[in-house]
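Peer 1: Have a look at the structure that comes next, please.
Here, each number is a calculation from the coordinates, and none is a lab measurement. Since the structure is predicted, the reported quantities are computational estimates derived from the model, not experimental observations. No Cβ is skipped: glycine too gets one built from the backbone with ideal geometry, and neighbour counts run over all protein chains shown.
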DNA sequence: CGTGCTTTTGAAAATCATCAAGTATAGTGG
DNA sequence: CCACTATACTTGATGATTTTCAAAAGCACG
């Protein structure tokens, strides 16, 4: 198989190997706003790419030529300061649409946390297509609205919550959004939370240091709020306590 | 961290006293996506209200029955924790569209910083109207995208910037967005920045305490970066230095 | 010219960051 | 399969920025 390097990602096929009609991520993405009979038009625009773990596939400040859709795996979205300080603004699981912006350059970077598959669309062509599919534009507005709400919640966390509250919030949200089977963001609280990201990622997401993340999790463990069978697995032992911590009730 | 809760707001007229066609805020708002000849349909949905300074006109968690458009004055948008900790997630100047959300309840509160005029729309009716005006829906998506970018920038500030950097960022952004005449968010850097909000508001916006805000501004003054003719007026004496501070260059 | 509010300033305290080892864990090649 | 190395994670001691507590100084308003 010939891998062609385009900037920092690997192009596996110009045509989606699994066309939109059979896409696993479709039920969770804006694409499902397009009817079965029209889906071919979307598929014609899509390039399916593989991104290996740790690879940056959107570079902050680069010309924004594409939209992306995460079809498998998870990405982290981040912004950097010149001296290297990093803020992860969100994690993008399967179904996430990326690249919404009016600006001509990307306002954030994106890097694969785990091996990923993404769908890439020409910004220009997808914009044109959107004119024919107002339903998809409506979905995009819904998605953007939801992200805005999530962003405000995150601002509350970053601006006003303690380290303990931040970690509790993170775990509770993760538990609600953990992929149990296929659902990327269900509502049932999971017992076990899988963390595909490193402590460093968590720290940069919560505005803390890795040491504080580690210490806080250890303390949760000694307090019997969680178990830590492995570094990337957390078992919620006292979901109620964590939730009340997360909402700021000490 | 003052929290005065007032439910009702002052309704001045069911019909806009200044109809949409002659609205000062229209050039800066999503409403200008609607043609002159169709603007009456929008005006028919709009109720123009006066909100006195300090009044809460959106209560977090209340049923989201309306959209709002700020036609004069400035609002602060915020989220609260049960113990009163507050995070201001943004300031909404003239032209801002409020209430975008899929949820049936408001995800944030809104309170007038200065005397305001707002346009109120029934969520249900405006949604219906939007189906006839895809251009306005497109504008809404643009607006939401821009706010998302701003939110990410704010997360970087809250999660990773020092107090000095936060204040510098705040002043630089304010300078760029200060209403010089009519433009609510121009690009020319203003010398003088007017701060309609209190130190407490600034603190809650930047994730700091009022004391830290005050001390940091005083230090900027002794360092000749700014002048503070009055508590609500800041003169940028060294815009370049503030900008490099804001971007994290010490 | 008080009265109540916001703002400023000072001193002490605390949370979280930094510096520094030490311990798992995973991936690699012998 | 096992050592070996690199990386990630944990734990401890110290330190600094920011918060908290406290009080004085400005300012607006009746």
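Peer 1: Residue by residue through region A:99-114, note down the ones that are more than 11 Å from chain B (Cβ to nearest Cβ), buried (at least 22 other Cβ atoms within 10 Å of the Cβ) and closer than 26 Å to residue B:139 by Cα.
Peer 2: The one that is more than 11 Å from chain B (Cβ to nearest Cβ), buried (at least 22 other Cβ atoms within 10 Å of the Cβ) and closer than 26 Å to residue B:139 by Cα: A:110.
Peer 1: Would you be able to tell me the number of residues in region B:153-174 that are touching a helix residue (DSSP H, G or I) at 6+ places or on another chain (Cβ under 7 Å) and more than 8 Å from every other protein chain (Cβ to nearest Cβ)? Can you show your working first?
Peer 2: Here is the first cut: in region B:153-174, the residues touching a helix residue (DSSP H, G or I) at 6+ places or on another chain (Cβ under 7 Å) are B:154-155, B:157-159, B:161, B:163-172.
From what's left, more than 8 Å from every other protein chain (Cβ to nearest Cβ): B:157, B:163-172.
Matching residues across region B:153-174 total 11.
Peer 1: Can you tell me which of (1) within 12 Å of chain A (Cβ to nearest Cβ); (2) under 30 Å from residue B:199 (Cβ atoms) is the one residue B:117 doesn't meet?
Peer 2: Against the list (1) within 12 Å of chain A (Cβ to nearest Cβ); (2) under 30 Å from residue B:199 (Cβ atoms), residue B:117 comes up short only on (1).
Peer 1: Kindly indicate which of A:95, A:90 is within 11 Å of chain B (Cβ to nearest Cβ) and within 20 Å of residue A:51 (Cβ to Cβ).
Peer 2: The unique qualifying residue is A:90.
Peer 1: If you check every pair at least six apart or on different chains, which have Cβ atoms under 7 Å apart with a residue in region A:191-213 that is within 13 Å of chain B (Cβ to nearest Cβ) first and a residue that is in a loop (DSSP other than H, G, I, E, B) and within 12 Å of DNA strand C (Cβ to nearest atom) second?
Peer 2: From residues that are within 13 Å of chain B (Cβ to nearest Cβ), the pairs are A:203/A:209.
Peer 1: Something else now. Tell me which residues, restricted to region A:121-152, are closer than 20 Å to residue A:91 by Cβ and either facing chain B (nearest Cβ under 7 Å) or in contact with a helix residue (DSSP H, G or I) (Cβ under 8 Å, 6 or more places away or on another chain) (or both).
Peer 2: A:140, A:142, A:143, A:144, A:145, A:146, A:147, A:148, A:149, A:151, A:152
Peer 1: Consider residue A:67 against the criteria (1) within 19 Å of residue A:205 (Cβ to Cβ); (2) buried (at least 22 other Cβ atoms within 10 Å of the Cβ); (3) free of Cβ contacts under 8 Å to residues at least 60 places away in the same chain: it satisfies all of them except one. Which criterion is unmet?
Peer 2: (1)
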